[in-house]
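Trainee: The structure follows.
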């Protein structure tokens, strides 16, 4: 197995890490919609950190190894339409993902405020933040972009 | 030409997409389940979340991955190739996919019993075993992805 094949393997493993992280966040979004207590909200924090790490490794790995492959493989060029499309989708997905993270951070922030104030019981404002439809729509949009990236990588339109 | 630059016939792409998407969902479920079980300590809600992530995400992901695998295997014509000529990367992927499926079912059975015991106020030891098995599965599927992507030999 040559160096380029190793780079391809890391590129694909990074894509798996990205989708695994996003899948984890889907589970947390579904579970979080019924959580209305500070403790219940903060309980999901360590799990979400694993998701953040997976998405971070995935985003970094896909772009670093992907751009390397675009230059290293003779029949690919960075200006190929499907590679440019992938770069655009990666940037769009990254931007949407950042906004998704911000939307879903409001719940844990509120939970910490409530805990500091000694309010440990159910709270309707906290439930509303955990059920954020803005975050849900943003995560769905990010997921759609990632699926489009996967389609682009498999079909390689124009290659 | 390197295998890296090979463009597949168009009618192979959809079965491959199904296979890869299923595998990604499988790995996502394993990561979620393992993370929830690992951070649960004795928190019943996180322990249950870990088990249900394995059951409702990983297991359907495995089925989609395996169906996609058989579809692309047949479409690529490997059914007609003598087993001595099947490349190592394909053998590694198939072995891990099938053995991993068996281990996943065992993991779900152990986890299911563990959740029932938890609800009866008994020990969460079986869910610790579920955690160990899900981490082993995660590691095995990382090897499978490496083999399928890098295609050693």
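The values are calculated or read from the model by the stated rules, or taken from the named source; none is laboratory data. Since we're looking at a predicted model, the values are computed, not measured. Every residue, glycine among them, receives a Cβ derived from its backbone with ideal geometry; neighbour counts consider all protein chains shown.
Trainee: For the structure I just gave you, tell me whether residue B:146 is within 12 Å of chain A (Cβ to nearest Cβ), in contact (Cβ under 8 Å) with a residue 60 or more places away in the chain and closer than 27 Å to residue A:154 by Cβ.
Mentor: no
Trainee: From A:2, A:58, which residue is at pLDDT below 95 and within 11 Å of chain B (Cβ to nearest Cβ)?
Mentor: Details: A:58 fails: at pLDDT below 95.
Result: A:2 is the single residue among A:2, A:58 that is at pLDDT below 95 and within 11 Å of chain B (Cβ to nearest Cβ).
Condition check ((1) surrounded by fewer than 17 Cβ atoms within 10 Å (Cβ to Cβ); (2) more than 25 Å from residue B:17 (Cβ to Cβ)) across all residues:
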| residue | (1), (2) |
| --- | --- |
| B:64 | no, no |
| B:82 | yes, yes |
| B:104 | no, no |
| B:127 | no, yes |
| B:148 | no, no |
| B:151 | no, no |
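Trainee: Taking helices (runs of 4 or more DSSP H) that do not extend beyond region B:1-108, which have at least 2 residues that are more than 12 Å from chain A (Cβ to nearest Cβ) and touching a helix residue (DSSP H, G or I) at 6+ places or on another chain (Cβ under 7 Å)?
Mentor: The qualifying helices (runs of 4 or more DSSP H) are B:59-75.
Trainee: Can I ask one more? Can you find a residue in region A:146-158 that is in a loop (DSSP other than H, G, I, E, B) and surrounded by 13 or more Cβ atoms within 10 Å (Cβ to Cβ)?
Mentor: The answer is yes; a qualifying residue exists.
Trainee: Please indicate, with yes or no, whether at least one residue in region A:7-19 is more than 10 Å from chain B (Cβ to nearest Cβ) and either within 20 Å of residue B:48 (Cβ to Cβ) or surrounded by 22 or more Cβ atoms within 10 Å (Cβ to Cβ) (or both).
Mentor: No: region A:7-19 contains no residue that is more than 10 Å from chain B (Cβ to nearest Cβ) and either within 20 Å of residue B:48 (Cβ to Cβ) or surrounded by 22 or more Cβ atoms within 10 Å (Cβ to Cβ) (or both).
Trainee: Assess whether residue B:33 counts as being free of Cβ contacts under 8 Å to residues at least 40 places away in the same chain and either loosely packed, with under 15 Cβ neighbours inside 10 Å or under 13 Å from the mean Cα position of the chain (by Cα) (or both). I'd like the intermediate steps shown before the answer.
Mentor: Details: free of Cβ contacts under 8 Å to residues at least 40 places away in the same chain: no; either loosely packed, with under 15 Cβ neighbours inside 10 Å or under 13 Å from the mean Cα position of the chain (by Cα) (or both): yes.
Answer is no for this residue.
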